[in-house]
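Student: Take this structure, written in structure tokens, and hold onto it; I'll ask about it next.
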Amino acid sequence: MDAVIDYQLTSGHADWPRLRDSAQWADNSGFGAIWVVDHLAGSSMGGKQSYEAFTWLGAMAAITERIELGSLVTNVWNRSIGTSIIGAATVAEISQRRFWFGVGAGTSPSSAFAWEQKAVNAAVEPSMVRRHDRVEQLLDLSARMWGEAADDYPTFIAPRVTPLKIVGVNSVRLSRIAALKADGINVAWRHPRRNEFLKACREHAPSSGFEWTTYVPYDPALFDEEHPTRREMASLGITRIILLEAGVPQVH
């Protein structure tokens, strides 16, 4: 099956009117979904500002009609895990479309991204084990709230279109967690351990209904299924290709 092509936006290089127009362009251009990053400050993505992810997604839900929406990735330390789950459910309910709930373990204290969390007193967890544990806790809680124990959460939002949980991985352990507890995996196409992560996930993932997603810088050449990179992606079973626009978003 051919991979679906998605579009990812950052907010550091454009104001809302431009981002709105870009979202509507993507909605009319056949992309499967729009994804947004979850950063607190613009310079982390080379920009001058950064919109809060779920606020921005809610606005895009209101001004688009067809395209699905997603977060790539929700940093599990930027909010309580319950708040992130409710944010994803809210966007799904407003849009009445599938929400792609991409989640990630957050940064280490030594990462270049850590400063933005420190600046607003958000947690920066030094232990990789604890960072991965928190992803697992989010996946477990969302499974209860949206399914197996929903009656224990009366009046919490229960989206009619249940979000799909995608784990952005940076380790073999996260790859296994994705396989066992999520609906899909996301890897950076240029990550040097990409194939190792995919292999570890494949050892435990269900044989069908699992999403194999990757992100790569925006390149119109990748619309061509015969492009060498597209062929390599197909050989690895990639089902969704997310084209990341790190600069000024596209509008045509």
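Student: Return a whole-number percent for the relative contact order of the stretch 4-245, with Cα pairs under 8 Å and 6 or more residues apart as the contact set.
Tutor: 18
Student: Using only the Cα atoms of the chain, build the gyration tensor, take square roots of its eigenvalues as a ≥ b ≥ c, and label the shape rounded, prolate or oblate: rounded if a/c is under 1.5, else prolate if a/b is larger than b/c, else oblate.
Tutor: Rounded is the answer for the chain, as its axis ratio a/c remains below 1.5.
Student: Taking DSSP loops as anything outside H, G, I, E and B, show the longest stretch in the chain free of GluC sites (Glu not before Pro) there with at most 12 other beta carbons within 10 Å.
Tutor: Of all site-free stretches, the longest is 66-202.
Student: Here's a follow-up. Which value, in debye to the nearest 20, describes the size of the charge dipole of the stretch 146-208 about its Cα centre when Lys and Arg Cβ atoms bear +1, Asp and Glu Cβ atoms bear -1, and nothing else is charged?
Tutor: So the dipole magnitude of the stretch 146-208 works out to roughly 500 debye.
Student: Further, regarding this structure: Taking 41 Å as R0, compute the FRET efficiency from the Cβ-Cβ separation of Val120 and Lys199 and round it to 0.05.
Tutor: The value I calculate is 0.65.
Student: Given +1 on the Cβ of Lys and Arg, -1 on the Cβ of Asp and Glu, and no further charges, what dipole in debye does the stretch 4-245 carry about its Cα centre, rounded to the nearest 20?
Tutor: That gives a dipole near 520 debye.
Student: Sticking with this one: Could you run the Debye sum over the Cα atoms of the stretch 132-227, one equal point scatterer each and no solvent, and tell me log10 of I(q)/I(0) at q = 0.17, 0.22 Å⁻¹, two decimals?
Tutor: Each listed q maps to, in turn, -0.81, -1.09.
Student: Between Asp140 and Thr155, how many nm apart are label points set 7 Å from Cα along the C-beta direction?
Tutor: About 2.7 nm, to one decimal.
Student: Excluding Asn170 itself, calculate the net charge of residues whose Cβ lies under 12 Å from the Cβ of Asn170, where each Lys or Arg counts +1 and each Asp or Glu counts -1.
Tutor: Counting the neighbours of Asn170, the net charge comes to +3.
Student: What does the charge count around Glu148 come to, taking other residues whose C-beta lies under 13 Å from its C-beta (Lys +1, Arg +1, Asp -1, Glu -1)?
Tutor: Counting the neighbours of Glu148, the net charge comes to -1.
Student: If a/c stays under 1.5 just call it rounded; otherwise compare a/b with b/c (prolate if a/b is bigger, oblate if not). Do that for the stretch 31-161, with a ≥ b ≥ c from the square roots of the Cα gyration tensor eigenvalues.
Tutor: In terms of gyration-tensor shape, oblate.
Student: Something else now. All other residues with a Cβ under 13 Å from the Cβ of His227 taken together, and with Lys, Arg as +1 and Asp, Glu as -1, what is their net charge?
Tutor: Net of charged neighbours comes to -4.
Since every read-out is calculated from the coordinates, none of them should be taken as a lab result. Because the structure is a prediction, the values reported are computed rather than measured. Ideal geometry is used to build each Cβ from the backbone, glycine not excepted, and the neighbour counts take in all protein chains shown.
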